[in-house]
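Here the structure is laid out as structure tokens; the discussion comes afterwards.
The values are calculated or read from the model by the stated rules, or taken from the named source; none is laboratory data. Small disclaimer: the values here were computed from a predicted structure and weren't measured. As a convention, Cβ positions derive from the backbone with ideal geometry for all residues, glycine included, and neighbour counts pool all protein chains shown. SASA here: full protein model, heavy atoms, side chains in, ligands and nucleic acids out. Shrake-Rupley method; radii C 1.70, N 1.55, O 1.52, S 1.80 Å.
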Amino acid sequence: MPALRPRFRKAASMRTRKLIVLLVTVSALVLAACSSPGGGGTSNAQGGLDCPTIRVIVPYSPGGGSDQQVRRLQPALEDALGKRLNVTYMEGGDGAVGWNALADAEPDGCTISNVVAPNIVNLSMGGDVGFKAADFEYIAWTEFSPNIIAVSKNAPYDSIEAFIDEAKSAPGGMTIAGVGDNGRLLMSEINKATGMELSYVPVSGGVGDIIFKVFGGHIDSAVSGFSLLDGDQLKPLVLSAPSDAFPDVPTFGEAGYPGVKLVTTWGFILPPETPDEIVQTWNEAVQQALEDPEVKKKYEEGAGFTVLHQNVDEARKYFEEQRKATRDAAAAMK
């Protein structure tokens, strides 16, 4: 075969260089698309998460406050992380089953759990439950609501005064449901402030189970956060803190019964000893999810939750504050 003439060799060389530039450009575009939230890959929020999918533990039954919190944020979290979230219900032991599973999970960011205060604090104060609340890594608290006394929509009580009068007329005769020992703590705070003697009915499965029992007339009332109002089957009579969503519902203090202060707060936690960079990655993803327009719309249309925006340090500080408030309330019961 005859040798290429010089001008042909030069042309071939130019074509080779153009091909190399084109390949480099295409590779850069592909990498950029894979790293962007809308490019079918993972966003910057993913950080060091090396997980095909992520398991989210809900330590209570479907339909309750914890489930509602996770489901509100799930699509936006999946967008922020570029990964699918698999929700796993591990109810039992007032939350202990799920939180023990998290404590035993690998600290690689691939397993997280919903967390509720004061539930987790009260539970870990009650003896050896297999974990310590302070040992978990707190990603962020996302929302809180006042605790409320709620009754069935069909109940004859239209005010907290009427409810208290009925309860005082038959000490121990009226029942109130709550989530495990946490509900007992809330009930004790309420009994002490109001002088009632309500009989407590613990429901370990969570608020989803409580709503059915109260609306069906099996239990007279319930105490927990605004998640009790999901489904519009119960009505609030009184709040532990003011809420713009229910301006006509008094607080205990406004009704003349000061001393009821605990609120219910929901958030996310990681296993103990999860590396700081993974905790930070999760915090950034949660904050990104909270800014999602659809998430904001869900909170605006919901039952008056106050949304929280926290960095990692603020999340830990909030836990410490809730732990102190829970311990103070428990001490006041004795």
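Laid out as a table, the results:
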| quantity | calculated |
| --- | --- |
| DSSP-defined beta bridges in the chain - what % are antiparallel, rounded to 5 | 60 |
| The stretch 121-230, dipole about Cα centre (Lys/Arg Cβ +1, Asp/Glu Cβ -1), debye to the nearest 20 | 140 |
| Among 159, 199, 145: highest mean-square fluctuation, GNM of the chain, C-alpha pairs under 10 Å | 159 |
| FRET efficiency for residue 106 and residue 254, using Cβ-Cβ distance with R0 set to 45 Å, rounded to 0.05 | 0.40 |
| Potential extension, residue 301-residue 328 segment - 0.36 nm per residue separation minus Cα distance | 6.3 nm |
| Residue 192/residue 218 FRET efficiency (R0 35 Å; Cβ-Cβ; nearest 0.05) | 0.85 |
| Added length on full extension, which subtracts the Cα-Cα distance from 0.36 nm per residue, residue 311 to residue 294 | 4.0 nm |
| For residue 251, residues with placed amide H under 5 Å, excluding near neighbours | 239 |
| For the chain, size of Cβ-based charge dipole, Lys and Arg +1, Asp and Glu -1, in debye | 2240 |
| The chain, relative contact order [Cα under 8 Å, separation at least 6], % | 25 |
| Sites residue 321 and residue 273 - FRET efficiency at Förster radius 25 Å, r taken between beta-carbons, to 0.05 | 0.60 |
| Computed [θ] at 222 nm, deg cm²/dmol, the chain (DSSP H ≥ 4; -39,500 (n - 2.57); rounded to nearest 500) | -14000 deg cm²/dmol |
| Amide H within-cut-off set for residue 89, under 5 Å, with H built and near neighbours excluded | 58 |
| Spacing of the two label points (7 Å from each Cα toward its C-beta) at residue 168 and residue 50, in nm | 6.5 |
| Degrees, to the nearest 10: 180-194 long Cα axis against longest axis of the chain | 50 |
| Tilt relative to the chain, helix 276-290 - C-alpha long axis, 0 to 90 degrees, to 10 | 70 |
| Calculated from backbone phi, Karplus (6.51, -1.76, 1.60) coupling profile of the stretch 90-100 in Hz, x at Gly/Pro | 10, 6, x, x, 6, x, 5, 4, x, 6, 5 |
| Surface per residue (accessible, 1.4 Å probe) for the chain, Å² | 47 |
| Among 267, 126, 259, residue whose mean-square fluctuation peaks in a GNM of the chain (springs only between Cα atoms under 10 Å) | 126 |
| Cα long-axis angle, helix 312-333 against the chain (0 to 90 degrees, to the nearest 10) | 10 |
| Positive-end residue, the chain charge dipole about Cα centroid, Cβ charges, pick of 131, 274, 175 | 274 |
| The chain - percent of accessible surface contributed by carbon and sulfur, probe 1.4 Å | 53 |
| Given charges at beta-carbon only (K, R positive; D, E negative), |dipole| of the stretch 204-271 in Debye | 180 |
| Positive-pole candidate from 188, 224, 156, dipole of the chain, charges at beta carbon | 224 |
